[in-house]
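All remarks here apply to the structure that follows.
What follows draws every value from the coordinates through simple rules; no lab data is involved. On a predicted model such as this, the values are computed, not experimentally measured, just so you know. Counting neighbours? That spans all protein chains shown, and the Cβs are built from the backbone with ideal geometry, glycine included.
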Amino acid sequence: MYKTFQNYLTAELAAIEAAGLYKKERIIVTPQQAVIKLEGGEEALNFCANNYLGLSNHPRVIRAAQEAMEERGYGMSSVRFICGTQDLHRELEAAVSRYFRTEDAILYAACFDANGGLFEPLFDERDAIISDALNHASIIDGVRLCKAQRYRYANADMEELEGCLKTAQAQRFRVIVTDGVFSMDGNVAPVDKICALAEKYDALVMVDESHSAGVVGSTGRGVSEYFGVYGKIDIYTGTLGKAFGGAIGGFTTGRKEIIALLRQRSRPYLFSNSLPPAVAKAGVEAFRLLEESNELHARQQANVWYFRQRMQAAGFEMKPTQSAICAVMLYDAGLSQTFAARMLEEGIYVVGFYYPVVPKGQARIRVQLSAAHEQSHLDKAVEAFVKVGKELKVIF
Ligand SMILES: *Cc1c(COP(=O)(O)O)cnc(C)c1O
């Protein structure tokens, strides 16, 4: 059997390669931080990590993980409900709830699992899930696992959402589902309008805060803070893999009965291992750091502002953003790849995205700013953008 299957796999891989979509992994031999070193020995300034607050290699976070490892060991060898719950897990759930001002939280091995295990336990064929077209793959997969009626509206299109809500009045429960920040443009979802429509048409609201938490809002508390809609969002999901230390782990947080039912019925929670103590304690420390001071968030915001201003002054076109994601528009797919390759030669690690990751003719370089970047890093990045931009006739 394997021979014929192997031929099939070889052809599939060749087709991916021929389409220019083959993902190669660059090997990094340093911690995740602003300045990284690649396997070949070359140094680069990193502008493509989700390390928004610089916590991935923060001394206090590392120390907390080390302490937990010494005090509580390495792994749990159990799911939560058998013998995999330590006080540290409950502390982290409490820290998540405090941060989002919600009633309770439940941890998962990843936000992919939080989204994968969210819909099926709560909704069935009598209900409606109304989802933004640009929502993350894990939301799409989670919705697929649920028997609810599916509706989809174009990215942030409130007229289409309203149309879906009208049609969905026939269903028992309705839930509007959106990413907080969309990862390719950096735009924040219009959650104020979504909440208003939810009230008008009697729907629940769920927001995936993976790219927005730690970033948007005056202290980085996410879309509720940004739009002042505390109390109106029923369910949030999020990741510990981006702003909050970047290791692993995800969560769902919101109203207590929702979380309680997920603990009983959510399959990735019931049937997958508990987070390691080191990750739990480091997570608690990350939230503690953010409760103590807004310094990291403020620095990250200032970096976005500074970078955008200098890039725009240099003549680059950028998508409007309310997050740490800056899309430098190039439009042409080939150009985006050449541009990114030249940037790496200049010591700046950024990634060019093109169809099908973004719409056809909308190729771009995505730059992710972090509190870990110093102004000199930003200056170097802008200088490289200007040099390569002139060379490739993007700016003059
Ligand atoms: C990154 C991301 C996820 C996945 O998070 P993991 O914890 O890495 O699984 C889910 N949703 C959104 C919107 C994301 O950006």
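Overview of results
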item: Residue pairs meeting the criteria (Cβ under 7 Å; at least 6 apart or on separate chains; first under 25 Å from LYS281 (Cα atoms), in region 107-122; second near the ligand (Cβ under 8 Å from one of its atoms) and in a helix (DSSP H, G or I)); result: TYR108/ALA114; CYS111/SER138; PHE112/SER138; ASN115/SER138; ASN115/ILE139; GLY116/SER138
item: Output for region 84-114, where each listed residue is out of contact with any strand residue (DSSP E or B) (no Cβ under 9 Å at 6 or more places or on another chain) and either closer than 15 Å to TYR269 by Cβ or among the small types (Gly, Ala, Ser) (or both); result: GLY84, THR85, ARG90
item: Near pairs, Cβ below 7 angstrom, 6+ apart or cross-chain, from region 316-328 (without any contact (Cβ under 8 Å) to a residue 60 or more places away in the chain) to any residue that is among the β-branched types (Val, Ile, Thr); result: MET318/VAL328; VAL328/ILE365; VAL328/VAL367
item: Out of LYS281, LYS256, sole residue that is buried (at least 24 other Cβ atoms within 10 Å of the Cβ), charged (D, E, K, R) and more than 12 Å from the ligand (Cβ to nearest atom); result: LYS281
item: Meets criteria (hydrophobic (A, V, I, L, M, F, W, C), buried (at least 21 other Cβ atoms within 10 Å of the Cβ) and within 16 Å of the ligand (Cβ to nearest atom)) for VAL304; result: no
item: Filtered residue count, region 259-278, keeping only those that are among the charged types (D, E, K, R) and either closer than 20 Å to LEU88 by Cβ or surrounded by 21 or more Cβ atoms within 10 Å (Cβ to Cβ) (or both); result: 1
item: Test: residue in region 54-62 that is closer than 21 Å to PRO277 by Cα, within 16 Å of the ligand (Cβ to nearest atom) and under 20 Å from the mean Cα position of the chain (by Cα); result: yes
item: Cβ-Cβ under 7 Å pairs, at least 6 apart or on other chains, region 2-23 side at negative phi, far side of a type outside the set (Lys, Arg) and in a helix (DSSP H, G or I); result: TYR22/ILE16
